[in-house]
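Below is one structure, written out as structure tokens; comments come after it.
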Amino acid sequence: MRTGTRVRILGKRASIPVIATLLVLLFGFSATAQQTVSGTVADADSGEPLPGATILQQGTSNGTSTDVSGNFTLELRTDGARVLEVRYIGYRTRTIEITDMSLALEIDLQPATQLSDAVIVSAIRSDESTPMSFTNVSREQIEERNLGQDLPFLLQSAPSVLASSDAGAGVGYTGIRVRGVDPTRINVTINGIPLNDSESHGVFWVNMPDFASSVESLQIQRGVGTSTNGQAAFGASINISTGALNYDPYAEVTNAVGSYNTRRHTLRAGTGLLNNGWAFDARLSHIESDGYIDRAFSDLSSYAVTASRYSDRSLLTFKILSGREQTYQAWNGVPESALADNRRMNEFTYENQTDNYRQDHYQLHYSYRLTDNWLANASLHYTYGRGYFEEFRANDRLSTYGIEPFVLSDELITRTDIIRRRWLDNHFYGFVLNTEYSTDRFRLVAGGAYNEYDGDHFGEVIWARFANNINIRDRYYDNNGFKTDGNLFAKLTWNLSDRLSVYGDAQIRRIYYEFLGFDRTLDEITQDHELWFFNPKAGLVYQLAPGQRLYTSFSVAGKEPTRREYTRSTPDSRPSPERLYNLEAGWQADFGNASAGINFYYMHYVDQLILTGEINDVGQAIRNNVPESHRAGVELEGALRLTDWLQWSGNLTLSQNRIPEYTEFVDNFDTGIQEQIEHRNTDISLSPGLISNSQFRLTYGNFTADFMSRFVSRQYLDNTSNRDRSIDPFFVSDLRLSYNTSRLPYANRVNLSLLVNNIFNELYESSGYTFGWIAGGAEQRFNYFYPQAERNFLLQLSLHF
């Protein structure tokens, strides 16, 4: 067990950044504006305002967006040009040179002659007129953070986000939590197509190596968010768009090296827009890493190909995203007893204890502008995944594999060492349709989707020390899961006045699942289950002033159990679907040289599924419904330009994540029954009460330095609020240095980046789990943790042609 001394040290170190972050967030917006430019952005033909247009100071990352009335205010940096780039989906980008700072700008944008790729995801994105809490991440932001780590690690500075890595260094198996909510409850789409696994509901980023290099933009909606495709968002949704039109030919070569023998190689190229309206883009990537944890290596490859046909009223796009991974398993984490002396320990020692998987995504999108105000989108998709993980099992039961006990040298053999492979071979396909109609008073989006999942699950015995009635590659289980998921939705934003707008959103979702499960007689038979969900949402947005908005919304979402809950239960013990009632209210403001935001949320769960340790009627420990639980919190965001060359940004989440009452079950091997322990008002597992991020950015000419810190408070491994089963708070800082130049004759731009993670060499763990039982009259408890890497670096060189 870790000592109390370390906990106290962490607490002292953590208090400084937390207090500093609070002070800056609450009192740091008093600086006076200098060189402020303001104006409006409107449609050149109709004169109607364009809310959500992006205004960027040329040559910098300094920018803002227009409010619902098309107004904006921006504080210019003195080290940047007095030139603005104004962008809006479906319109030509316009460059404005500022000659008189005292004049309000009236900027008219012409509709683009080609549709933008962004229209594919416009139906599920939020903007300033939507009463939701969200964070937009641009391609520029992703590019400067992407040195080979998985996407969750590139997003960990966003509000309420916590990333974790099994191998410890952000390459391989990684996960993301938002507001403490686990990945199976976070809806993820790529170009509007669901990415979550239909059965486990998880997202396996390892199957898409270097996916960040293909991301054009990304939006994190916290809470239920707007209606989307795929599983319900029970904590957040992440909407990803890949690819965008590059008018000119280009090529990029990126190479990175780093600690733990990490290497990344990426090649991107594109034709630009050809005379016939076609454009072609491609990416090829390879990433290798030995991992921070012993033997937790990753060998990852991927490619992406896009072919698009642009015209003034239509867009046809075909996309292929393919990834292949081989990783040595680090799933089990590190036992608590090993943390002090061998925190990089991997309990697996079999040389081929690997996970091997390939996943191919095919997407066909077609968008057509029926009129200037009316847009229609249609998408077809197909994902093919196949692979296995291999593992050595010491002294395993023969009965698990259908092997009869036998006598060997007068000894009855019931157990043996065995090597097995567990396979997945699955197909996911369907279509997505939506249409969008907008006027100066309202925006209506309606659509739907239908998807099918067909997944084979089977296991093979490939070696056994002692065997009787089996052959090599005998299948000891072989079954199929079939699931359909369909939905219809409509959402309306209505501007009641120049300042007040109302939002309504309703979705009907139907799920049908066919699987091999247990009936009431405990025989395994093919069963089916059907669920219907109605998910309404409504809210208000009020513009207090240019660049300031108040919003509030109430949303409902329903979510089905995972495959394990179905296949490891009978109809009598099968859990009920979960229900979430989500209230959000907030304020956001942009003052030019500073911005601020505050969001309050209350997430009330009915029948949330949690691990209690209870064994059901088929002898399986699966999650049980608890009648009520909740997450309540406040999210603070802010940014401040301290000088012309120094700026600060940060966020802070304070939350309470509670289960009013539930019963914990603990196996008692002395009595053969389960002990029951009543708990009241406990913390939800792996849900820290405080998450904060802080970033200072220094810019000098072509040089940029970012100092980033994050603090995460105590997390409990289960739902008992027992400190002996918890993860210590941690405070970690990273340093990123970047230099850009365009002075070389053979390249348009050269970027050299250095990322030093965990610069102060903090020893910390980001996630874990616990289990235990009673034997010999005492409780035996086993805690496992996922240690994250000590100080490590990544160095990257990118050449843009």
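The values are calculated or read from the model by the stated rules, or taken from the named source; none is laboratory data. All figures in this text were calculated on a predicted structure; none of them were measured in a lab. Here the Cβ positions follow ideal geometry from the backbone for every residue, glycine too, while neighbour counts run over all protein chains shown.
Considering only residues that are part of a strand (DSSP E or B) and among the charged types (D, E, K, R), which ones fall in region 338-370?
Within region 338-370, D355, R358, D360, R369 meet the criteria.
If the Cβ limit is 7 Å and pairs must be 6+ apart or interchain, which residue in region 742-765 that is under 26 Å from S259 (Cα atoms) and in contact (Cβ under 8 Å) with a residue 12 or more places away in the chain pairs with which residue that is surrounded by fewer than 17 Cβ atoms within 10 Å (Cβ to Cβ) and of a type in the set (V, I, T)?
V750/T741
Before we move on, is Y503 surrounded by fewer than 17 Cβ atoms within 10 Å (Cβ to Cβ), in contact with a Lys or Arg (Cβ under 8 Å, 6 or more places away or on another chain) and under 29 Å from F234 (Cβ atoms)?
When the stated conditions are applied, Y503 does not pass them.
What number of residues in region 719-730 are touching a strand residue (DSSP E or B) at 6+ places or on another chain (Cβ under 6 Å) and closer than 18 Å to L339 by Cβ?
Going through region 719-730 one residue at a time, the tally reaches 4.
For region 179-215, how many residues are charged (D, E, K, R) and touching a helix residue (DSSP H, G or I) at 6+ places or on another chain (Cβ under 8 Å)?
Residues flagged as charged (D, E, K, R) and touching a helix residue (DSSP H, G or I) at 6+ places or on another chain (Cβ under 8 Å) within region 179-215 amount to 1.
What number of residues in region 609-640 are of a type outside the set (V, I, T) and within 24 Å of S133 (Cβ to Cβ)?
Going through region 609-640 one residue at a time, the tally reaches 12.
Taking the residues in region 143-153 that are surrounded by fewer than 23 Cβ atoms within 10 Å (Cβ to Cβ) and not acidic (D, E) as candidates, determine which candidate is nearest to G633 (Cα to Cα).
Ranking the qualifying residues of region 143-153, first place goes to P152.
With respect to Q676, is the statement that it is of a type outside the set (D, E) and more than 22 Å from T60 (Cα to Cα) true?
When the stated conditions are applied, Q676 passes them.
Output the number of the condition that P152 fails; it satisfies all remaining conditions of (1) closer than 23 Å to R283 by Cβ; (2) in contact (Cβ under 8 Å) with a residue 60 or more places away in the chain; (3) within 10 Å of the chain's Cα centre (by Cα).
Only one criterion in (1) closer than 23 Å to R283 by Cβ; (2) in contact (Cβ under 8 Å) with a residue 60 or more places away in the chain; (3) within 10 Å of the chain's Cα centre (by Cα) is unmet by P152, namely (2).
Pick from T562, T570: which is polar (S, T, N, Q), touching a Lys or Arg at 6+ places or on another chain (Cβ under 9 Å) and surrounded by fewer than 19 Cβ atoms within 10 Å (Cβ to Cβ)?
Only one candidate qualifies: T570.
Applying the selection to region 382-405, what residues are in contact (Cβ under 8 Å) with a residue 40 or more places away in the chain, in a strand (DSSP E or B) and hydrophobic (A, V, I, L, M, F, W, C)?
F389, F392 - these are the residues of region 382-405 that are in contact (Cβ under 8 Å) with a residue 40 or more places away in the chain, in a strand (DSSP E or B) and hydrophobic (A, V, I, L, M, F, W, C).
Can you tell which of V86, V68 is buried (at least 18 other Cβ atoms within 10 Å of the Cβ) and under 21 Å from D100 (Cα atoms)?
Details: V68 fails: under 21 Å from D100 (Cα atoms).
Sole residue among the options that is buried (at least 18 other Cβ atoms within 10 Å of the Cβ) and under 21 Å from D100 (Cα atoms): V86.
Looking at R386 and the list (1) at positive phi; (2) within 24 Å of the chain's Cα centre (by Cα), which single condition is not satisfied?
(1)
Conditions: (1) touching a Leu at 6+ places or on another chain (Cβ under 7 Å); (2) surrounded by fewer than 17 Cβ atoms within 10 Å (Cβ to Cβ). L315 meets all but one. Number of the miss?
(2)
Could you please give the count of residues in region 117-137 that are under 22 Å from L273 (Cα atoms) and either assigned to a loop (DSSP other than H, G, I, E, B) or at pLDDT 85 or above (or both)?
1
Residue under question is T526, and the condition is that it be assigned to a strand (DSSP E or B), among the hydroxyl-bearing types (S, T, Y) and under 17 Å from D127 (Cα atoms); does it hold?
no
Residue-by-condition table, conditions (1) in a helix (DSSP H, G or I); (2) in contact (Cβ under 8 Å) with a residue 60 or more places away in the chain; (3) surrounded by fewer than 23 Cβ atoms within 10 Å (Cβ to Cβ):
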| residue | (1), (2), (3) |
| --- | --- |
| S200 | no, yes, yes |
| G225 | no, yes, no |
| A233 | no, yes, no |
| A244 | no, yes, yes |
| Y247 | no, no, yes |
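Given S553, S501, S497, which one is closer than 30 Å to D440 by Cβ and not in a strand (DSSP E or B)?
S497
For region 264-273, which positions are touching a residue at least 60 places away in the same chain (Cβ under 8 Å) and either closer than 20 Å to F793 by Cα or not assigned by TED's automatic domain parsing to the domain that holds V750 (or both)?
Selection gives R264 alone.
Restricted to region 573-626, and to residues that are of a type in the set (G, A, S) and part of a loop (DSSP other than H, G, I, E, B), which residue is surrounded by the fewest Cβ atoms within 10 Å (Cβ to Cβ)?
First pass over region 573-626, keeping only residues of a type in the set (G, A, S): 573, 576, 585-586, 589, 592, 594-597, 613, 619, 621.
Subsequent filtering for residues that are part of a loop (DSSP other than H, G, I, E, B) retains 573, 576, 592, 613, 619.
Numbers: S573: 18, S576: 14, G592: 20, G613: 20, G619: 9.
The selected residue is G619.
Could you list, in sequence order, all residues of region 643-697 that are of a type in the set (D, E, K, R) and not in a strand (DSSP E or B)? Quick ask: steps written out before the conclusion?
Keep residues of region 643-697 that are of a type in the set (D, E, K, R), which gives 644, 658, 661, 664, 667, 670, 675, 678, 680, 683, 697.
Residues satisfying the conditions are D644, D670.
Here is a list: V188, V206, V253. Which entry is out of contact with any Pro (no Cβ under 7 Å at 6 or more places or on another chain) and under 23 Å from V334 (Cα atoms)?
Answer to the selection: V206.
Identify, please: which residue in region 737-788 is closer than 30 Å to F801 by Cβ and more than 33 Å from the chain's Cα centre (by Cα) and is, among those, surrounded by the most Cβ atoms within 10 Å (Cβ to Cβ)?
Across region 737-788, the extreme among qualifying residues is A747.
Condition check: within 22 Å of the chain's Cα centre (by Cα), farther than 30 Å from N702 by Cβ, in the same structural domain as G772 (by TED's automatic domain parsing) and among the β-branched types (V, I, T). Does V634 satisfy that? Steps first, please.
On the way: within 22 Å of the chain's Cα centre (by Cα): yes; farther than 30 Å from N702 by Cβ: yes; in the same structural domain as G772 (by TED's automatic domain parsing): yes; among the β-branched types (V, I, T): yes.
Spelling it out, V634 is indeed within 22 Å of the chain's Cα centre (by Cα), farther than 30 Å from N702 by Cβ, in the same structural domain as G772 (by TED's automatic domain parsing) and among the β-branched types (V, I, T).
What is the one condition in (1) more than 22 Å from I124 (Cα to Cα); (2) in contact (Cβ under 8 Å) with a residue 24 or more places away in the chain that N495 does not satisfy?
(1)
I'd like to check something: does region 314-325 contain any residue that is among the small types (G, A, S) and over 26 Å from the mean Cα position of the chain (by Cα)?
yes
So, G90, is that one within 27 Å of A118 (Cα to Cα) and modelled with pLDDT of 75 or more or not?
The answer is no for G90.
Does F669 satisfy the criteria of being surrounded by fewer than 16 Cβ atoms within 10 Å (Cβ to Cβ) and in contact with a strand residue (DSSP E or B) (Cβ under 9 Å, 6 or more places away or on another chain)?
Values: surrounded by fewer than 16 Cβ atoms within 10 Å (Cβ to Cβ): yes; in contact with a strand residue (DSSP E or B) (Cβ under 9 Å, 6 or more places away or on another chain): yes.
Spelling it out, F669 is indeed surrounded by fewer than 16 Cβ atoms within 10 Å (Cβ to Cβ) and in contact with a strand residue (DSSP E or B) (Cβ under 9 Å, 6 or more places away or on another chain).
Given the options R697, R714, name the one that is over 30 Å from A251 (Cβ atoms) and buried (at least 18 other Cβ atoms within 10 Å of the Cβ).
That would be R714, the only listed residue that is over 30 Å from A251 (Cβ atoms) and buried (at least 18 other Cβ atoms within 10 Å of the Cβ).
Sort out which residues of region 481-534 are touching a strand residue (DSSP E or B) at 6+ places or on another chain (Cβ under 7 Å) and among the aliphatic types (A, V, I, L, M), and write them in order of number.
Passing the criteria: L488, A490, L492, L496, L500, V502, A506, I508, I511, L516, L531.
Got a number for residues in region 154-178 being surrounded by fewer than 24 Cβ atoms within 10 Å (Cβ to Cβ), more than 18 Å from V215 (Cα to Cα) and among the polar types (S, T, N, Q)?
Residues that pass the stated criteria total 1.
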